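The values are calculated or read from the model by the stated rules, or taken from the named source; none is laboratory data. The model shown is predicted, which means the values in this text are computed figures rather than measured ones. No Cβ is skipped: glycine too gets one built from the backbone with ideal geometry, and neighbour counts run over all protein chains shown. Heads up: the accessible areas ignore ligands, DNA and RNA and are worked out on the full protein's heavy atoms, side chains in. Shrake-Rupley method; radii C 1.70, N 1.55, O 1.52, S 1.80 Å.
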Amino acid sequence: AVGNAAENLLTNPGFESGNTSGWTDWGCGLRAVRDQVRSGNYSVLTYNRSHSWQGPVQNIHGLVENGKTYTISGWVRLQNASEDRIGITVSQADSDGTHYHRVSWSTGYDDRWILLSGSFTLNVTGSLSSLNSSL
């Protein structure tokens, strides 16, 4: 979720639509599933993940304001490994180049859900060309 709970800025933040609308992937596959849910009826399964940076991503360009701080959080559970690095990253491309902001990183496990949460302040140099949040 981006923003506070009352102001979630993401499309389909809990995958409760039963699909992955609003989301794309970074180097892996995604599908909404009914097994392994933490709460609600669905979660997203990321498959063919071979690197810790791969996962679901959503374009947040135009949804956040320069100079403001946002909370980004998500519950994560592994399926393809007993443990691995997991994290939330914001990819920002502006006039200064592309930067990857590590919002929250931890070790994930296949036997329990882990809450990742952190804050991100958008600081744009020149013109912002893309902004994505990934889990």
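Structure above, values below:
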read-out: Enumeration of residues in region 66-80 that are open to solvent by less than 30 Å² (accessible area, probe 1.4 Å) and farther than 14 Å from L9 by Cα; value: V76, L78
read-out: Those residues of region 18-33 which are part of a loop (DSSP other than H, G, I, E, B) and surrounded by 14 or more Cβ atoms within 10 Å (Cβ to Cβ), in sequence order; value: N19, T20, G22, W23, C28
read-out: Criterion violated by Q36 - all others in (1) at pLDDT 90 or above; (2) in contact with a Ser or Thr (Cβ under 9 Å, 6 or more places away or on another chain) satisfied; value: (1)
